Every structure is written in structure tokens, then in C-alpha cells.
Amino acid sequence: GIEKIIADSLYADLSALLSQSMSYFTGVQNGFFNSAVKLFLPAISPVDYSYPSPVETLEKTSGKKILLIYGQEDGILPSDTFQTVKSAAEKQNDVKLWLIPDCEHLYGMVKNDYNYRNILLAFIKGEE
């Protein structure tokens, strides 16, 4: 079975993420427009707000080693996301958190390529 999980910039709840970050994705600052996009998104894409959130899934996961990676300058995820995800994962798992300084959403490998690869390899090999 799966013993280790690596998650980079994992969101806590899709609906909340889209509510808070839709203007980033659409480039439009209009709240009505962004709410409409969020409302109709499931009709035009595979988005399903009823699917279990990562937090719900992590709360049910046990006995895993989990590495969570977040950029400290992530402008897409709400600032408390890593704490919410980490708290859910820590209930029944061994969790490591790597906050990458001066790093945006999903740019850890781009900005810290050498460290990123070494930290992931060490985690996979159990050398962390």
C-alpha cells in the first residue's frame, strides 16, 4: 500500500478556495461575475463540490508519512491553508511541513530546484 504522501500547495476546500481566489483565475475583480463562474463551473467542467475535500480525506488517513510543501508567498491559497491541512493530517499520521521562503504557489521546484529535489528524495528514502 501507499506509505508516503507528498503534497505541494494542497488546498483545504475547493469551494472555499474558488470563493476566495476566483478573481485570480478569471482576472476579473467583479464579485457577481466570479460567483456566477463558480456556480456554473460544475456544469461545464468535472468540478464537483460534493467530492470529499483534501482535509476530510486526510482526517481519515492513518499511518502515513506525509510531506506538505507550501510557498510562503502563495497568493492563491488562503494564508491559513497549510495550518488547516497540517492539523487534519497530523491526527493519525507523521507529518513534515516545508514552508519555502519567498516562494509563490507551486513554484517550489522552480525557485529551489536543488533543495526541492533533495528534500523530496530524502523524504522518499526515509532520510528526512
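Filter region 1-44 down to the residues that are of a type in the set (Ser, Thr, Tyr) and under 12 Å from the mean Cα position of the chain (by Cα), then identify the one that is most open to solvent (accessible area, probe 1.4 Å). Explain how you work it out, then say what you get.
So in region 1-44, the residues of a type in the set (Ser, Thr, Tyr) come out as 9, 11, 15, 19, 21, 23-24, 26, 35.
This time we only want the ones that are under 12 Å from the mean Cα position of the chain (by Cα), so: 9, 11.
On the way: Ser9: 11, Tyr11: 77 Å².
Within region 1-44, the match that is most open to solvent (accessible area, probe 1.4 Å) is Tyr11.
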Worksheet item: Just one of the numbered conditions (1) open to solvent by less than 70 Å² (accessible area, probe 1.4 Å); (2) of a type in the set (A, V, I, L, M, F, W, C); (3) part of a helix (DSSP H, G or I); (4) under 25 Å from Ala16 (Cα atoms) is not true of Leu77; which one?
Response: (3)
Worksheet item: Can you tell which of Gly71, Gly31 is on the phi < 0 side of the Ramachandran plot and touching a helix residue (DSSP H, G or I) at 6+ places or on another chain (Cβ under 7 Å)?
Response: Gly71
Fill in: Enumeration of residues in region 68-104 that are in contact with a strand residue (DSSP E or B) (Cβ under 8 Å, 6 or more places away or on another chain) and closer than 14 Å to Ala12 by Cα
Leu68, Ile69, Tyr70, Leu77, Thr81, Phe82, Val85, Lys86, Ala89
Worksheet entry | Residue count, region 81-121 (criterion: β-branched (Val, Ile, Thr), surrounded by 15 or more Cβ atoms within 10 Å (Cβ to Cβ) and not in a strand (DSSP E or B)) | 4
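Quick grid of which residues meet (1) farther than 21 Å from Ile119 by Cα; (2) in a loop (DSSP other than H, G, I, E, B):
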| site | (1), (2) |
| --- | --- |
| Ala7 | no, no |
| Val28 | yes, yes |
| Ala36 | yes, no |
| Thr57 | yes, no |
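The values are calculated or read from the model by the stated rules, or taken from the named source; none is laboratory data. As the structure is a prediction and not an experimental result, all values here were calculated from the model. Backbone-built Cβ (ideal geometry, glycine too); neighbour counts: all protein chains shown. Please note that ligands, DNA and RNA were not included when accessible areas were found on the heavy atoms of the full protein model with its side chains. Shrake-Rupley method; radii C 1.70, N 1.55, O 1.52, S 1.80 Å.
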